[in-house]
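Participant: Can you read through this structure? Questions will come right after.
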Amino acid sequence: MAGPMLRWCCPVGRWALACIDGGSRYGRGAATGCTSSGKRGQSSVAQQPRITAQKPRKGEHEWAAVVGLEIHAQISSNSKLFSGSQVHFAAPPNSLVSFFDASLPGTLPVLNRRCVEAAVMTGLALNCRINKKSLFDRKHYFYADLPAGYQITQQRLPIAVNGSMVYGVCVGKKRSQVINKTVRVKQIQLEQDSGKSLHDDLRSQTLIDLNRAGVGLLEVVLEPDMSCGEEAATAVRELQLILQALGTSRANMAEGQLRVDANISVHHPGEPLGIRTEVKNLNSARFLAKAIDYEIQRQINELENGGEILNETRSFDYKLGCTVPMRDKEGKQDYRFMPEPNLPPLLLYDAESLPTAADPQQVINIDQIREQLPELPSVTREKLVQRYGMLPEHSFALLNEVGLLEFFQNVIKETRAEPKKVTSWVLNTFLGFLKQQNLAVSESPVTPSALAELLNLLDRKAISSSAAKQVFEELWRSKGKTPAQIVSEKKLELMQDQEALEQLCHAVMEGHPQVVTDVKKGNPRAINKLIGLVRKATLSRADPTVIKEILEKKLSPGDVSGPSARGRTVQP
Amino acid sequence: MWARAVWLAFRAPAGGRRGLTAKAGPQGSVRITAEMIEHLERLALVDFGSQEAVARLEKAIAFADRLGAVDTDGVEPMESVLEDRCLYLRSDNVIEGNCAEEVLQNSHRVVEEYFVAPPGNISLPKLDEQERFSHS
C-alpha cells in the first residue's frame, strides 16, 4: 500500500478527461491551510499553546491518545519484486522499467527470492510468526503512476504476523533515563511500490517516472500501542535501525525508502477508543513527532469545543505545520481486492518441513535465515553497556548516528584512555562539533586515530583537559596534523616542572593575600580561586590537581598537608 | 477500462472478454440503481453516459450471475487455479530495463523521458452536478 489512499483523493486517468466538467480539485499538495477548512473553531488550533495529551491542564478531562503506524520500507535489492529491472535511486526517468513494470499486455510477475528472504528476515527480527503459506492479492485503484490499475500486495494472508518490537524512550528531567516500551507488530506484507508523479501545474500535466514502479516494499503494520508523537518517532527510529542492521532496507527517509502513515485517535481513559484519522505524508524524521502531536492536539481541541472527529485522511503540511484534510469524506474507497491469479501461494519451509529433493534455489528455509540473522541494535547496546560500563542512554546515542558506533570502536581500539572518557569525548565533544556544522560522521575532519592519540596524551597527563579541547579544535580546523604536532606547535604540554610551578604558586599567593587569608579562615571555595589564578598564570598548561597539592602544602601549617584537605575534589 | 476490469475479474471462469460481450444472454433482468452506477463510474473512471451502456452493464452482471447456478456444495474453494504449483523464485539479478525508448513508444505524449498524464487531481463530477440520463 504505497499510498493508495493518497491517490484516492485524486483519481485520474486519461479516461477521466471525458467527464471532467467543473469538478473540484483535490491536490496532493493542495494545502488549504488548517484555518480555511475550519468549522467549529478549528482556526484556534494553530495559535493555542501546545499541551501534550498526557498532561492536561488542571480541571480538564484527561485525554489519552492512541497512535498506530503503517510503515513502508523499500527492500534493499538489486532488482524489483516481480521483474528483473534495477532498483536504484535517482536514475534517468523510465530507464529502470521492464515491460512488466510498464504493465504491457502478456507480461507476468516473477517473484524475487531476495525480497522474500528480506521479508522473512525482518519478520524474524521483529519476533513475528512467519506464515509458511502466504498469498498475493490485487488491490485496485486508479492513478497514472500505477499502470496496471492494481498493486500486488498481501491482503488475506501476509508473510509474517503477530510480532513485537521494543524501543527505548528517554524520560526524566534531563531526558537521561531510558525506559523500554513494546509495540506489537500486526503484520508484515510484501507489496509493489508505485511510480512517481511530478505535477506540472503550470502546464496542467503530470509527468510519470516508472523507475520506482514495482520495487519491493515491506509494509510493517504497528498496532496502536503508542500514545504520542515522540513514542511513534522513536519506534520508527528503532525499526529503521533494525532494518539497517539486517540490511533488508536502507531505510533512508530522505530518499523515500521509509514512509510512514499514522492512525491517530483520542479518548478519555476507561472509555472506548475515539474515531481515528489517518495522517499521510509523514516522510521526514524531523516532522514525524510534530505532525502526530499536532493531530492529537487538534482532535482534543475539536472535541472540547463540541465538535466531532471525522474518519478521514489528512496530510501534514510541513510549511504550515498542521494537518489538512486530503479528500472529501463521502467517497468510501473500494479497493476491489481479489486473489492475484498469476501467482500461486508462496510456501516457506523450516528444517523439519524442507523437502529433501528440492532445488535449493527454489526453497526458502526459515530456520537457516534465523541462524544467519545479524546482531540487532538492542543486543549491540546491551553489549556496550556491559563491556564498557556505559549508561544505557549513551549506548542509544552511539547507535543513533550513522557511523558513530564504528568511530567509537575504532577510537577504543587505539587508545589507552578509559572507555568512559572515550564515550564522553565522542558523545559530547566530537558529536557536538559534528552537529554544530551539520556534518555526518563520515565527513568528520578528525579521524578515530587522531582522537585516540589525543586521548592518549590526556591519559598520560601530557596535556590538561582544557588543552585537549584546544587540540581537538585545532584538529578539526587543520586536517592532516597529528595531536602531538599541535601540542608542540602551540606549546600546550602540561607544565611538568615542579619547581617552576611552585614558584608560580608562591607568586600568586603573594599577590593575593586576602584570598590566602580566606583559605586559612576555612573558606573552602577560596582555594579554588587560587588554583584558577595559578592556572591562568600557566596559560592553562598545568594540572589543577598538582597545583592544588602545591597550594595546600604551602597553605597548611607546617609542611604536612591535612589528609582531609587533599581528599577534597576541586572544580577549577 | 470497465470492460478490462470486468474481464480481469471474470476471465478465469468466463474465458475472456469476447465471452463477456458476445455471449451475454438476454436474461438481463438485473436492475442497477443510479447510485450504483455512479459508484462504478468513480471506481472504474468510466462514463456510462447512456441507457445503452447501462443495459450492457446489466447484461454483463446477469452473465456473471450464472456462476451462482453452479453447485459448489462440498467443493473446497481454491485460492487460485495454480495453487498446487510451485511459485518460481527468481535470483536477484538485473536482467531487464534500460529500454525507456521502447516503453515510451506507447505513450500518447512524452516530455523528455517522462510519460505525460493529465493533471492528477481532478475528481469526477458529483451525482447531482452531472447531467443525468433517464434511468429506471
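Participant: Cross-link partners among aspartates and glutamates for A:LYS554, C-alpha distance below 18 Å, same-chain residues fewer than 8 apart left out?
Facilitator: Partners found: A:ASP497, A:GLU499, A:GLU502, A:GLU510, A:ASP518, A:ASP543.
Participant: Measure nothing but the geometry: give the 0 to 90° angle between the long axis through the Cα atoms of A:377-388 and the longest principal axis through the Cα atoms of chain A, rounded to 10°.
Facilitator: For helix A:377-388, the angle is close to 10 degrees.
Participant: Take the cross-link list A:LYS173/A:LYS548; A:LYS133/A:LYS196; A:LYS181/A:LYS383; A:LYS80/A:LYS319; A:LYS421/A:LYS520; A:LYS319/A:LYS469 and give me the ones stretching past 29 Å between alpha-carbons.
Facilitator: A:LYS173/A:LYS548; A:LYS133/A:LYS196; A:LYS80/A:LYS319; A:LYS421/A:LYS520; A:LYS319/A:LYS469
Participant: Now for a different question. Counting pairwise Cα distances across region A:92-151, what percent come out greater than 18 angstrom?
Facilitator: Summing the P(r) tail past 18 Å for region A:92-151 gives 54 percent.
Participant: Averaged across B:38-47, how many Cβ atoms of other chains sit within 10 Å of each residue's Cβ atom?
Facilitator: Details: counts 0, 3, 1, 1, 7, 8, 7, 11, 5, 4.
Per-residue shielding by partner chains comes out at 5.
Participant: With a 1.4 Å probe and every protein chain left in place, work out the accessible area per residue of chain A in Å², rounded to a whole number.
Facilitator: Value returned for chain A: 47 Å² of accessible area per residue.
Participant: In 10 Å bins starting at 0, how do the alpha-carbon pair distances of chain A split up by percent?
Facilitator: So the P(r) values, bin by bin, are 3, 14, 19, 20, 16, 11, 8, 5, 2, 0, 0.
Participant: Give me the summed buried accessible area for the B-A pair, 1.4 Å probe, to the nearest 100 Å².
Facilitator: Chains B and A together bury roughly 5700 Å² of accessible area.
Participant: Quick check: the angle from helix A:404-414's long axis to the longest principal axis of chain A, C-alpha only, nearest 10 degrees?
Facilitator: 40 degrees
Participant: From the helices alone, meaning DSSP H stretches of at least four residues, give me the mean residue ellipticity at 222 nm for chain A, per-run term -39500 (n - 2.57), in deg cm²/dmol to the nearest 500. Present the calculation step by step, with values, prior to reporting the outcome.
Facilitator: On the way: 19 runs with 194 residues, N = 572.
Roughly -10000 deg cm²/dmol at 222 nm, from the helical runs in chain A.
Participant: Rounded to the nearest 5, what % of the DSSP beta bridges within chain A are antiparallel ones?
Facilitator: Of those bridges, close to 95 percent are antiparallel.
Participant: Would you mind computing Rg(Cα) / (2.2 N^0.38 Å) for region A:259-330, counting N as its residues?
Facilitator: The reported ratio for this selection is 1.08.
Participant: Oh, and also: Need one number: convex hull volume per residue for region A:307-375, Cα atoms only, in Å³. Before the final figure, lay out the partial values.
Facilitator: Details: hull volume 19.7 nm³, N = 69.
Roughly 285 Å³ of hull volume per residue.
Participant: For the ranges A:369-378, A:275-284, what's the packing order if you count other beta-carbon atoms within 10 Å of each residue, average per peptide, and put the highest first? Kindly include the intermediate steps, with their values, before the conclusion.
Facilitator: Details: A:369-378: 14.5, A:275-284: 20.2.
For the peptides A:369-378, A:275-284, the packing ranking is A:275-284, A:369-378.
Participant: Taking each residue in A:94-107, count the Cβ atoms of any other chain within 10 Å of its Cβ, then average. What number comes out?
Facilitator: 5
Participant: Also, quick follow-up: Would you tell me the mean number of C-beta atoms belonging to other protein chains that fall within 10 Å of each C-beta in A:196-205, as a whole number? Let's see the in-between values first.
Facilitator: Working: counts 1, 6, 3, 4, 4, 2, 0, 3, 3, 8.
So the per-residue partner count for this stretch is 3.
Participant: Further question: May I ask you to give the percent of accessible area on region A:391-534 that is carbon plus sulfur, with a probe radius of 1.4 Å?
Facilitator: Carbon with sulfur: 49 percent of the solvent-accessible area.
Participant: A further question on this structure: Give me the compactness ratio for region A:372-419, meaning the Cα radius of gyration over 2.2 N^0.38 Å. Kindly include the intermediate steps, with their values, before the conclusion.
Facilitator: Working: Rg = 10.9 Å, N = 48, 2.2 N^0.38 = 9.6 Å.
Rounded to two decimals, the normalised Rg is 1.14.
Participant: Quick check on packing: order A:435-445, A:302-312 by the mean number of other C-beta atoms within 10 Å, highest mean leading.
Facilitator: Values: A:435-445: 12.2, A:302-312: 13.9.
Taking the mean over residues of other Cβ atoms within 10 Å, the ranking is A:302-312, A:435-445.
Participant: By how many degrees, 0 to 90 and rounded to 10, does the Cα axis of helix A:229-246 deviate from the longest principal axis of chain A?
Facilitator: 90 degrees
Participant: Output the residues of region A:108-132 meeting this criterion: accessible area (heavy atoms, 1.4 Å probe) in the chain alone minus accessible area with all protein chains in place is 10 Å² or greater.
Facilitator: A:VAL110, A:LEU111, A:ASN112, A:ARG113, A:ARG114
Participant: Moving on. Among A:130-141, A:160-171, what's the highest-first ranking by average C-beta atoms within 10 angstrom per residue?
Facilitator: A:130-141, A:160-171
The values are calculated or read from the model by the stated rules, or taken from the named source; none is laboratory data. From a predicted model like this one, the values you see are computed outputs, not experimental measurements. Please note: Cβ atoms are built from the backbone with ideal geometry, for glycine as well, and neighbour counts cover all protein chains shown. Calculation scope for accessible area: heavy atoms of the full protein, side chains included, ligands and nucleic acids excluded. Shrake-Rupley method; radii C 1.70, N 1.55, O 1.52, S 1.80 Å.
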